Amino acid sequence: MSKPHLLMTGPMMPAIADPLEAAFTVHHLDQVPDAEALLKAQAGTIEAICTGGHTGVKTDAAMIGRFPKLRVIANFGVGYDSIDTVSAAKRGIIVTNTPDVLTEEVADTAIGLMLMTVRELDKAAHWLRDGNWAKHGDYRLTPGSLRDRTLGMVGMGRIGQAIATRAAAFGMPIAYFSRSKKQGVPYPYYSDLIEMAKNVDIMMIITPGGPSTKNMINADVLKALGPQGVVINMARGSVIDEAALIAALKSKTIMSAGLDVFASEPNFNQELLKLGNLTMLPHVGSASVH
Ligand code: NAP
């Protein structure tokens, strides 16, 4: 029997790619010179799509519409904001994602990015590597510290709770905002994001992307966070109004920010590189072999 045809939208690690290669006829969108020609040629054969946030390919209504035989879209990643689930549901196409398996890794990275940002650890590391320590003396004492700083979580789901557990162990007071109060979560709940922003020092964003959270962190939220405020985004680039963030970092409306995710990836807004009070990671939240 011939194997069903699968479209892989970008590179996948061997643990994923190898078993798929064994079970399917795999078409690699990122390995052909003309992706459009591949999509046209295989429109009538593709029954499955294997994708991931890191591939930068959106499985939107137009993409789904190309494949009349499509039965499943499997997203290697948490959430499904890059997939038009309404179009998929209308045709009974199954959509899967990988919650839970990444939780601990992303929570660790979130704490790492928060520490890097507040204590300027990436800049201190560059100070050493660039030979400045011996030439110009110690790296500066950082104005930022985790001491006496309240962490405001935007999103308190699986990963949010894992981050909060870690931050609580650091002795940080914690509060959170989401659309609903979470059962069994002991931290103060805010139903109003601006209200929470006024009362916390570091804002940690860990919600899904997609229309319901688009540009949720806007100029008003950043202003409410204030000049000692720090924003860490582990969620999706779409959750922050990036132009408002750049303006707030330039004008020192907030102190600093740390981003693991961007409005556009991997070709992110180059303006961000000019900001000395911004720490950036290339979307590595969950990126360990484990
Ligand atoms: P989850 O368990 O579904 O938690 C999502 C949280 O966000 C919930 O507290 C939810 O509460 C809140 N939320 C959802 N929509 C919201 C809205 N419109 N306004 C305010 N709060 C909202 O998901 P998770 O497993 O913790 O993952 C969270 C997200 O992390 C993923 O969707 C993904 O975007 C991101 N992520 C990033 C990386 C990385 O590498 N950087 C890796 C994995 C995941 P309510 O429903 O009550 O609002």
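The values are calculated or read from the model by the stated rules, or taken from the named source; none is laboratory data. These numbers come from a predicted model, not from an experiment. We place every Cβ from the backbone using ideal geometry, glycine too, and count neighbours over all the protein chains shown. We work out accessible area using only protein heavy atoms, side chains counted, and drop any ligands, DNA or RNA first. Shrake-Rupley method; radii C 1.70, N 1.55, O 1.52, S 1.80 Å.
Within segment 42-61, the residues that satisfy the criterion of being modelled with pLDDT of 95 or more, hydrophobic (A, V, I, L, M, F, W, C) and either open to solvent by 40 Å² or more (accessible area, probe 1.4 Å) or out of contact with any His (no Cβ under 8 Å at 6 or more places or on another chain) (or both) are Ala43, Ile49, Cys50, Ala61.
Residue count for segment 124-174 satisfying the condition of being small (Gly, Ala, Ser) and in a helix (DSSP H, G or I): 9.
Residues considered: Asp108, Asp81, Asp100. Of these, the only one that is within 16 Å of the ligand (Cβ to nearest atom), part of a helix (DSSP H, G or I), of a type in the set (D, E, K, R) and open to solvent by 50 Å² or more (accessible area, probe 1.4 Å) is Asp108.
Please verify whether segment 176-194 includes one or more residues that are closer than 20 Å to Lys252 by Cα and part of a helix (DSSP H, G or I). The answer is yes; a qualifying residue exists. Can you find a residue in segment 140-153 that is in contact with a Lys or Arg (Cβ under 9 Å, 6 or more places away or on another chain) and either among the aromatic types (Phe, Trp, Tyr) or within 16 Å of the ligand (Cβ to nearest atom) (or both)? No, segment 140-153 has no match at all.
Counting only residues that are surrounded by fewer than 16 Cβ atoms within 10 Å (Cβ to Cβ), of a type outside the set (S, T, N, Q) and within 12 Å of the ligand (Cβ to nearest atom), segment 155-188 holds 3 of them.
Across segment 64-78, the qualifying residues are those that are among the hydrophobic types (A, V, I, L, M, F, W, C) and open to solvent by 20 Å² or more (accessible area, probe 1.4 Å), and the one among them that is farthest from the ligand (Cβ to nearest atom) is Val72. The residue that is farthest from Ala43 (Cα to Cα), counting only those in segment 1-22 that are of a type in the set (A, V, I, L, M) and open to solvent by 50 Å² or more (accessible area, probe 1.4 Å), is Ala15. Of note, Ser256 satisfies the criterion of being away from the ligand (no atom under 16 Å from the Cβ) and over 19 Å from Gly56 (Cα atoms). Among the residues of segment 243-255, those identified as buried (at least 21 other Cβ atoms within 10 Å of the Cβ) and touching a helix residue (DSSP H, G or I) at 6+ places or on another chain (Cβ under 8 Å) are Leu245, Ala248, Ile254.
Quick one: is Gln228 over 21 Å from Thr142 (Cα atoms), modelled with pLDDT of 95 or more, among the polar types (S, T, N, Q) and open to solvent by 60 Å² or more (accessible area, probe 1.4 Å)? Taking the combined requirement at face value, the residue does not satisfy it.
Under the condition of being assigned to a loop (DSSP other than H, G, I, E, B), open to solvent by less than 50 Å² (accessible area, probe 1.4 Å), within 15 Å of the ligand (Cβ to nearest atom) and under 20 Å from Lys123 (Cβ atoms), the residues counted in segment 261-289 number 2. Could you check, for segment 31-39, whether at least one of its residues is open to solvent by 60 Å² or more (accessible area, probe 1.4 Å) and at pLDDT below 95? No: zero hits. For Ala197, indicate whether it is away from the ligand (no atom under 11 Å from the Cβ), open to solvent by less than 20 Å² (accessible area, probe 1.4 Å), at negative phi and in contact with a strand residue (DSSP E or B) (Cβ under 9 Å, 6 or more places away or on another chain). Against the criterion (away from the ligand (no atom under 11 Å from the Cβ), open to solvent by less than 20 Å² (accessible area, probe 1.4 Å), at negative phi and in contact with a strand residue (DSSP E or B) (Cβ under 9 Å, 6 or more places away or on another chain)), Ala197 qualifies. For segment 111-124, filtering for residues that are open to solvent by less than 50 Å² (accessible area, probe 1.4 Å), of a type in the set (A, V, I, L, M, F, W, C) and without any contact (Cβ under 8 Å) to a residue 40 or more places away in the chain leaves 1.
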